There are 2 protein chains.
Amino acid sequence: LRTIRLTIAYDGTALVGWQRQARGVSVQKLLEEALARIDGGAVCVVGAGRTDAGVHASAQVASATVATSRDTQTLRRALNAMLPAAVRVVTVDDAAEGFHARHHARTKTYRYRILNAPSVPPFVRQYVWHVPRALDATLMNRAARELEGEHDFAAFQSTGSGVRRSTRILSESRVNVMQLGADRAADLALIPRVAMPDARLLVYVATGTGFLRHMVRTIVGTLVEIGSGRQPPDLIAHLLEQRDRAAAGPTAPAGGLCLEAVDYDG
Amino acid sequence: LRTIRLTIAYDGTALVGWQRQARGVSVQKLLEEALARIDGGAVCVVGAGRTDAGVHASAQVASATVATSRDTQTLRRALNAMLPAAVRVVTVDDAAEGFHARHHARTKTYRYRILNAPSVPPFVRQYVWHVPRALDATLMNRAARELEGEHDFAAFQSTGSGVRRSTRILSESRVNVMQLGADRAADLALIPRVAMPDARLLVYVATGTGFLRHMVRTIVGTLVEIGSGRQPPDLIAHLLEQRDRAAAGPTAPAGGLCLEAVDYDG
């Protein structure tokens, strides 16, 4: 038997998320079915991070134990030939015996894209949260930075998820801003370029050892409340101290979120 | 009465194209229905270029005569509130009486994106043609440049379209290349960034006064035949001279094509 490590990119728009569900198409189900056809028997695929319905990944990492002796390039091509275009296996590598994508993950990095503009180009609509109202990005970044370090994030998890221990460590939590009016070279763009006057892209980046359910989306929902002046900047300190989910912002939409990296030791 | 000029961006993936069809959702139908609700009666919308099913536009231009006295910003917002997210009105402006988006268009610019890579990231799959085999971009650009100027493009129109006069002028016809392996800053990307080793983006750009049906897609299909060595570079000269559609390459898929600009005098 052989342990393989896969890097997977997926557009989560039409998927029920990473994990198998009673109904709907999940990435895990698609991969397990494709690998089972290659391996001639049931295969269990473990993902590093469980992404929810509608959430994307540009570099999810998964592990599986297989019997096939096909080389990794052939495996990658065979998998992609069976998977829908919304799910692509970017790399397949042989891993050390016992490699476990979830247990051995050191940190995960998520990005959340907010398009702060009058309207959203059709070509990016599934990958950003459209927030048309004015946002103070400096205030949002300052609030985001307060979440760096070890904190009890109980206020930022989905209600009723009931994880006992809600302390997590964020090594990075910040908001980056880009003005989009500036001309990008149309010939060098992978997607059609639409003129976007008065548009800014705000990207919230979070790197951490572990994340609670809906944690990034609740942080983003809260940062937007602060950035738009609906909540005071000291809300973050209050939430970390009081662990009060009801006082946090709404859960931001799934489409803006993407699992972008999983790091392992060595 | 009042003439307005609209700039429209749309993701053509799920649309039957610009023009109203007996079945399916067209951009013209969506716009005419939305404008009719605002104007309190039937409105006819004229588009500069007729894009086929699955073809995108980042800056289609349309004209319409309306009675409403609402200002252009309010009109734009009202239209976008009624249209699906796949179709966005980017600008609404008042135009000179008698302005006609098609008749008065001086040139149109189309871009066609070819992703020359082992596989395609899920996030761009609807906007590029995936060509995994080796392509000689220099050869393709040279062949593309041969089409600049005034030529009889009969060999490059869809069979059976039967336009009498097939002479057209291309002021620009070239292939630009970008190596994609290079790191783009993830925080500045509007869409999730996937690692793409050995990937190149080839963009065919064509600007002209008029285009025959399927002309850009047939040119691209032919350039790819030349670039992959399946056809000799002198095929272009042969096609222009012999007007032989059967000798041209296949029509490239709709999803790679985008109407990116319409120019008017003044």
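The values are calculated or read from the model by the stated rules, or taken from the named source; none is laboratory data. Just so you know, these numbers come straight off a predicted model, no measurement behind them. Cβ: placed from backbone, ideal geometry, glycine included. Neighbour counts: every protein chain shown. Accessible surface areas use protein heavy atoms only, side chains included; no ligands, DNA or RNA. Shrake-Rupley method; radii C 1.70, N 1.55, O 1.52, S 1.80 Å.
Quick check: net charge around B:Y204, other residues with Cβ under 9 Å of its Cβ, Lys/Arg +1 and Asp/Glu -1?
Surrounding charge for B:Y204 is +3.
So for the pair B:A195, B:M82, with labels modelled 7 Å out along Cα→Cβ, what separation do we get in nm?
Taking the two extended label points, one gets 4.9 nm.
Using Cα pairs closer than 8 Å and at least 6 residues apart in sequence, work out the relative contact order for segment B:79-191, in percent.
That works out to 18 percent.
State, in angstrom, two size descriptors of segment A:123-182 derived from its alpha carbons: Rg to one decimal place and Dmax to the nearest whole number.
15.3, 47
When DSSP assigns beta bridges and you keep just the ones with both residues in chain A, what percent turn out antiparallel, to the nearest 5?
90
Given the alpha-carbon gyration tensor of chain B, what are the semi-axes of its equivalent ellipsoid in whole angstrom, ordered largest first, with each equal to the square root of 5 times an eigenvalue?
Calculated on Cα positions only, the semi-axes equal 34, 24, 15 Å.
How large is Rg/Rh for segment B:14-85, to two decimals, with Cα atoms and a Kirkwood Rh?
Using Cα coordinates only, the ratio equals 0.95.
State the antiparallel share, in %, of DSSP beta bridges confined to segment A:1-146, rounding to the nearest 5.
In segment A:1-146, approximately 90 percent of DSSP beta bridges are antiparallel ones.
If the only charges are +1 at each Lys and Arg Cβ and -1 at each Asp and Glu Cβ, what is the size of the charge dipole of chain B around the Cα centre, to the nearest 20 debye?
540
Can you tell me the relative contact order of chain A? Whole percent, Cα pairs under 8 Å, sequence separation 6 or more.
Rounded, it is 24 percent for chain A.
Under the convention of a label 7 Å out along Cα→Cβ, give the distances in nm from A:R2 to the same position in every other copy, shortest first.
Those label-point separations list as 6.9 nm.
Taking H placed 1.01 Å from N in the peptide plane, check which residues at least 5 places from A:H130 or on another chain put their amide H under 5 Å from its amide H.
Amide H to amide H, under 5 Å and 5 or more residues apart or across chains, A:H130 pairs with A:L115.
Could you pull the accessible area for A:C44 with a 1.4 Å probe, rounded to 10 Å²?
90
May I ask you to compute the full-extension gain from A:R23 to A:V46, defined as 0.36 nm times their residue separation minus their alpha-carbon distance, rounded to one decimal in nm?
Taking A:R23 through A:V46 to full extension adds about 6.4 nm, to one decimal.
Just the C-alpha atoms of the protein assembly as shown: what Rg/Rh do they give, with Rh taken as the Kirkwood radius?
Result for the protein assembly as shown is an Rg/Rh of 1.01.
Hey, can you rank A:81-92, B:63-74 by average C-beta count inside 10 Å, highest first?
In descending order of packing, they fall as A:81-92, B:63-74.
In peptide B:111-123, how many Cβ atoms from other protein chains are near each Cβ within 10 Å, on average?
Partner-chain Cβ atoms within 10 Å, mean over residues of B:111-123: 5.
Compute the angle between helix B:72-82 and the longest alpha-carbon principal axis of chain B, please, reported from 0 to 90 degrees and rounded to the nearest 10.
Rounded to the nearest ten degrees, it is 70.
Tell me the accessible surface of A:L30 in square angstrom (1.4 angstrom probe, heavy atoms of protein chains only), to the nearest ten.
Ignoring ligands and nucleic acids, A:L30 comes out at about 30 Å².
Just to verify a number: FRET efficiency for B:D265 and A:R142, C-beta to C-beta distance, R0 = 60 Å, to 0.05?
0.75
Using alpha carbon centroids, what distance separates segment A:212-266 and segment A:102-122, in Å?
If we compute the Cα centre of each part, the gap is 12 Å.
Could you sort the peptides B:95-104, A:149-158 by per-residue average Cβ neighbour count (10 Å cutoff), highest mean leading?
A:149-158, B:95-104
Please determine, in degrees from 0 to 90 and to the nearest 10, the orientation of helix B:27-39 with respect to the longest principal axis defined by the Cα atoms of chain B, where the helix direction is its Cα long axis.
Between the helix axis and the principal axis of chain B, the angle is about 10 degrees.
Mind jotting down the distance between the C-alpha centroids of segment A:1-65 and segment B:13-82, whole Å?
Cα centroid to Cα centroid, the span is 40 Å.
Find out how many positive minus negative residues lie around B:L170, taking Lys and Arg as positive, Asp and Glu as negative, among other residues whose Cβ is under 9 Å from that of B:L170.
Net charge in that neighbourhood comes out at -2.
Across segment B:143-266, what fraction of all alpha-carbon pairs, as a whole percent, falls in each successive 5 Å bin from zero upward?
2, 10, 18, 21, 17, 11, 9, 7, 4, 1, 0
How much mean residue ellipticity at 222 nm does chain B get from its helices, if each DSSP H run of length 4 or more adds -39500 (n - 2.57) and you divide by all residues, to the nearest 500 deg cm²/dmol?
Per the formula, -6000 deg cm²/dmol.
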